[in-house]
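One structure is given below, encoded as structure tokens.
Read-outs: derived from the displayed coordinates by stated rules, not from any lab. Treat the numbers as computed from the prediction; the structure is a model and nothing was measured. Cβ placement follows ideal geometry from the backbone for every residue including glycine, while neighbour counts extend to all protein chains displayed.
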């Protein structure tokens with residue numbers, strides 16, 4: 001279930017709620033009972049590791065085999 005962020009138009013309070021996609025949006029601030037609006041916030045995105053696909057996950061043996069196959073194809077032509 002996603003976490004939605006809301007902000008009160010009356011007091012400015014920001015709060016988050018864990019809601020299902022089917023749940024209706026919250027219309028009332030839990031702090032002052034004012035009007036609450038759903039806001040768009042940045043998603044947390046965290047890369048871990050020393051590099052990208054080419055340095056961390058790429059199968060080096062596969063690349064060597066593909067390189068050999070290309071060389072053999074060139075020799076056949």
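Restricting attention to the range 14-39, which residues are without any contact (Cβ under 8 Å) to a residue 24 or more places away in the chain and under 25 Å from the mean Cα position of the chain (by Cα)?
Within the range 14-39, 15, 16, 17, 18, 19, 20, 21, 22, 23, 24, 25, 26 qualify.
Restricted to the range 1-13, and to residues that are under 17 Å from the mean Cα position of the chain (by Cα) and exposed (fewer than 12 other Cβ atoms within 10 Å of the Cβ), which residue is nearest to residue 30 (Cα to Cα)?
Per the stated criteria, the residue is 3.
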